[in-house]
Structure formats: C-alpha cells, structure tokens
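The values are calculated or read from the model by the stated rules, or taken from the named source; none is laboratory data. What you see is a predicted model; the values in this text were computed from it and never measured. Cβ atoms come from the backbone with ideal geometry, glycine included; neighbour counts cover every protein chain shown. Ligands, DNA and RNA are stripped out before the accessible areas are found, and what is left, the full protein with its side chains, is counted by its heavy atoms. Shrake-Rupley method; radii C 1.70, N 1.55, O 1.52, S 1.80 Å.
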Amino acid sequence: MALLKEEMWMQSVQQRQSFSVPIQTTLQSSRRQRYTREAFSSVPGRAKRKESSSDGVKPSDKVKKQVSNAGEDRAMLLGFTMMGLSVLMFFLLGITILKPFMHSVWNEESNCTVIQADIMDDWVDCSFTCGVDCHGQSKYPCLQILVNVSHSGEVALLHYNEEAIQTNPKCFYVPTCQRDKINLLDGVMDVKEYFDRKNDTPFACFHQQDRKPEDVILIKKYDRWVVFHCLFWPTLMLMGGASIVGMVKLTQHLSLLCKVYCSSTKDDVGSVTSRADSQPTKARKEEKTLRWRLNSQNMNNAPFK
C-alpha cells in the first residue's frame, strides 16, 4: 500500500509540473501578443501626428499665405512704381519748368498804369499751316501798350510774357496766325478795349530795372503757383510709394515676430504637456509590469488543481 501511494503521488507531481509549464507559457505568450498589438496600434497614430507636426501648416493656412504673399508683392510693386514715376516727374519738370523759373530775370514786381494802347499801321508777316502739306502766309496787327511803371516812374512797353519779348519785342503779344485777317483784327481789338477800360487802374507787372528798363511783362510764364504744383504732386506720389513699401515691410516684420512668438509658446506648452503626460504613462507601465510579475509568480507558486 505504501509503495502504491508513493507511486500515485509521484505521478500527480509529474502531471502538475507538466501542466503548469504549458499554462505559464500560454499566459506569457498571450500577454506578449496583447502588448505587441497595443504597440502596433499606437504606431499609426504617432506616425500621423508626426506627419501633421512635420508639416505644421494646414492647407487653408497655405492658401492664405500664398494670397498674402501675392498681395504683398503687388503692393511692393505699386510702391516702387510710384516712387520711380515721382523721380521721373521731378527730372522732367525740373528741366522744363523749375530751371527756367530759377534763371528768370523778371523778378522785380511793381505797379503799372496804362498810358496808351494803339494798333500799329504796319502789320507783321506770319505763316500758318492748313494741313500736312499746306502752308500759307498772312499778317497780324501789332498792338502796342505804353505803361507807367510806379517803381521807377518811367514809361515802358508792356508785353504779355517772356516769350512775347523774344518773338516780337515791339508788340504786346503775338496772336495765332490765320488766313482770315478780319478774325485776327477782332481779337486784337478786344484786347485793346480791355486795356482801354483799365486806363487809370494800376495792375501788377514785372520788370528788370538793370537790364531792360524799357520793357515790362504782364505775367510770368512760370510763377510760384506753377512751381508749387510741380513740387507738390511728385512729392506726394513719392511719399505715398514710400509709405506703401514701409507698411508692407512693417507687416512682414510683425508677422515674422508673431510666428517666432507662437512657435516658442507652442514648444513650451508641448514640452510641459509631454512631461505631464509622460509621468502617468510611466506609472502605468510600471504598474503593468509589476502586476505581470506578481501574476507570473502566483502562477508559478500556485498548485494545479
């Protein structure tokens, strides 16, 4: 009987050892498979997050950035075009208007009073054009106006402007040459009547006492008001173009500072959240490993029933 009981106990022990090892290996393999499935299931999400974070820009943000870059380029082109045109206007107006104004000798202003206004008997020859290949000869009446200059008290010959003196120094002005002499005479008579009505009324005139005291002009071709317009509008265009370029540059600088500030704040927040998330995950992993070890030890120590 003793031998029979001993043999039965040995068989039970062998059976227990043979069954405990497969059960333990089966549990370990199942846990490993579960951990691998969890690991592989978490990899695509991380890959997606990496792809999104590596790109860092949404499609809508890309479209907005392209549109803003195109608008900024057009604004810069407009600003530089305005500045270039203003410089060209300064150059052209400086040669045609500012230079003659600066070199003008008719700078002394005085008051003149009409003494006599007559039409000369001798008409002046002139030429006119009636087409591409049509040219003709005609004559226009010469109007002479004598005035008294209050600054010097002398009698002088009045002219319309500087060009009238250079064209015909004996006449008040040179009318447009026409074939119809009656129309020319009517125009000159209208001017004569105008000055006859201003017989005793003084008016402003310009003269040069040192060079030509016998000649005075009624108006200057380029006065201060014309010079003001020649300087004001190109300057306004130059300032407008410079302000456009300056505002675009300022906007680009501010956007760059905003991007740098936003990226720095995102990095700080991400580092803080990653640290905060890493601590619970580490604790969970340690807890899982501890549970797995305890379970494995229990399985090894527990007798098979």
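Numbers at a glance
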{"quantity": "Distant-in-sequence amide H partners of HIS159 (H built 1.01 Å from N, under 5 Å)", "calculated": "VAL216, ILE217, LEU218"}
{"quantity": "The range 169-263, accessible surface, carbon-and-sulfur percent (1.4 angstrom probe)", "calculated": "65 percent"}
{"quantity": "Spacing of the two label points (7 Å from each Cα toward its C-beta) at ARG74 and LYS288, in nm", "calculated": "5.6 nm"}
{"quantity": "Potential lengthening between GLU154 and PHE232 on full extension [0.36 nm per residue; Cα-Cα distance subtracted]", "calculated": "24.2 nm"}
{"quantity": "Contour excess over end-to-end distance, with Cα ends at LEU185 and MET239 and 0.36 nm allotted per residue", "calculated": "14.4 nm"}
{"quantity": "Long-range amide H partners of CYS142 with built H, under 5 Å", "calculated": "MET120, VAL124"}
{"quantity": "Simple label model, 7 Å out from Cα along Cβ direction - LYS212 to SER104, nm", "calculated": "1.4 nm"}
{"quantity": "Within-10-Å neighbourhood charge of PHE101 [Cβ basis; K, R +1; D, E -1]", "calculated": "+3"}
{"quantity": "Total formal charge among the other residues, if their Cβ is under 15 angstrom from that of GLU154, Lys/Arg +1 and Asp/Glu -1", "calculated": "-2"}
{"quantity": "Note, ³J(HN,Hα) from phi for the range 177-194, Karplus 6.51, -1.76, 1.60, rounded to Hz, x at Gly and Pro", "calculated": "5, 9, 6, 7, 6, 5, 5, 4, 5, 5, x, 5, 5, 4, 5, 5, 5, 4"}
{"quantity": "Listed pairs LYS170/LYS198; LYS170/LYS220; LYS99/LYS192; LYS139/LYS221 exceeding 27 Å between Cα atoms", "calculated": "LYS99/LYS192"}
{"quantity": "Per residue accessible area of the range 157-267, 1.4 Å probe, in Å²", "calculated": "65 Å²"}
{"quantity": "Full-stretch length increase - THR167, ARG197 - with 0.36 nm per residue and alpha-carbon distance subtracted", "calculated": "8.1 nm"}
{"quantity": "Exposure of THR167 as accessible area (Å², to 10), given a probe of 1.4 Å and all protein chains", "calculated": "90 Å²"}
{"quantity": "Portion, in percent, of the accessible area of the range 103-158 that falls on carbon or sulfur, probe 1.4 Å", "calculated": "45 percent"}
